Amino acid sequence: MANYTGIARTNYFKVKDKAAFRSWAKKFDLEILKKSGKFALLPEEHSDTGGFDLRDPRTDEDFDICEEIARHLADDSIAVIMSAGHEKHRYIYGWAEAVNHMGERVQITLDEIYQAAKEKFGKLPSRAEY
């Protein structure tokens with residue numbers, strides 16, 4: 001059986017309170033990158049999936065990364081979270097989600113290419129898997 005290998009990160013975005021953002025990220029062992037006064041996030045080093053697997057350490061409940069980031073975003077900033085992974089050459093999965101400070105979101109997945117190809121070329125292509 002093959003193992004899933006994934007990777008994730010965010011774009012650079014502005015936050016309204018740098019200290020509160022750093023404290024929140026530290027709580028989940030997220031790696032913070034900084035460039036030109038903006039921050040980006042990488043998943044914690046020992047993530048099982050390579051993605052943002054956020055859990056409350058006290059209750060073991062899942063957290064929504066977009067919801068959490070939105071609380072920290074500056075009013076004019078948009079965070080983009082990207083994640084992709086594979087299980088050997090069996091399949092590739094990926095998604096991206098953008099969120100603003102009000103929690104409004106838009107999401108796309110790599111699988112959407114099949115419908116886009118059908119609409120453009122009039123035929124559904126075979127899937128890039130197995």
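Key figures
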{"item": "Some residue of segment 21-37 being among the polar types (S, T, N, Q) and under 28 Å from Thr5 (Cβ atoms)", "result": "no"}
{"item": "Residue that is nearest to Thr5 (Cα to Cα) [pool: residues in segment 58-70 that are without any contact (Cβ under 8 Å) to a residue 24 or more places away in the chain and part of a loop (DSSP other than H, G, I, E, B)]", "result": "Asp64"}
{"item": "Residue in segment 33-46 that is nearest to Ile81 (Cα to Cα), counting only those that are part of a loop (DSSP other than H, G, I, E, B) and without any contact (Cβ under 8 Å) to a residue 24 or more places away in the chain", "result": "Glu44"}
{"item": "Tally, over segment 24-71, of residues that are crowded, with 16+ Cβ neighbours inside 10 Å, acidic (Asp, Glu) and either out of contact with any strand residue (DSSP E or B) (no Cβ under 9 Å at 6 or more places or on another chain) or at pLDDT 95 or above (or both)", "result": "1"}
{"item": "Pairs with Cβ under 9 Å, 6+ apart, first in segment 103-127 and surrounded by fewer than 10 Cβ atoms within 10 Å (Cβ to Cβ), second not aromatic (Phe, Trp, Tyr) and not in a loop (DSSP other than H, G, I, E, B)", "result": "Lys123/Ala117"}
{"item": "Qualifying position, being closer than 30 Å to Tyr114 by Cβ and in contact with a helix residue (DSSP H, G or I) (Cβ under 8 Å, 6 or more places away or on another chain), among Asn11, Asn100, Asn3", "result": "Asn100"}
{"item": "Segment 72-95, residues that are free of Cβ contacts under 8 Å to residues at least 40 places away in the same chain and exposed (fewer than 14 other Cβ atoms within 10 Å of the Cβ)", "result": "His89, Ile92"}
{"item": "Yes/no for Tyr130 being on the phi > 0 side of the Ramachandran plot, modelled with pLDDT under 95 and not basic (Lys, Arg)", "result": "yes"}
{"item": "Boolean, Lys16 is more than 18 Å from the chain's Cα centre (by Cα) and under 15 Å from Arg71 (Cα atoms)", "result": "yes"}
{"item": "Some residue of segment 12-32 being closer than 24 Å to Ile92 by Cα and either touching a Gly at 6+ places or on another chain (Cβ under 7 Å) or in a strand (DSSP E or B) (or both)", "result": "no"}
{"item": "Pairs with Cβ under 7 Å, 6+ apart, first in segment 1-26 and closer than 15 Å to Phe52 by Cβ, second surrounded by 13 or more Cβ atoms within 10 Å (Cβ to Cβ) and among the polar types (S, T, N, Q)", "result": "Tyr4/Thr49; Gly6/Thr49; Gly6/Ser83; Ala8/Ser83; Phe13/Ser77"}
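The values are calculated or read from the model by the stated rules, or taken from the named source; none is laboratory data. Just so it is clear, the model here is predicted, and its values are computed rather than measured. With ideal geometry, Cβ positions are generated from the backbone for all residues, glycine too; neighbour counts draw on all protein chains shown.
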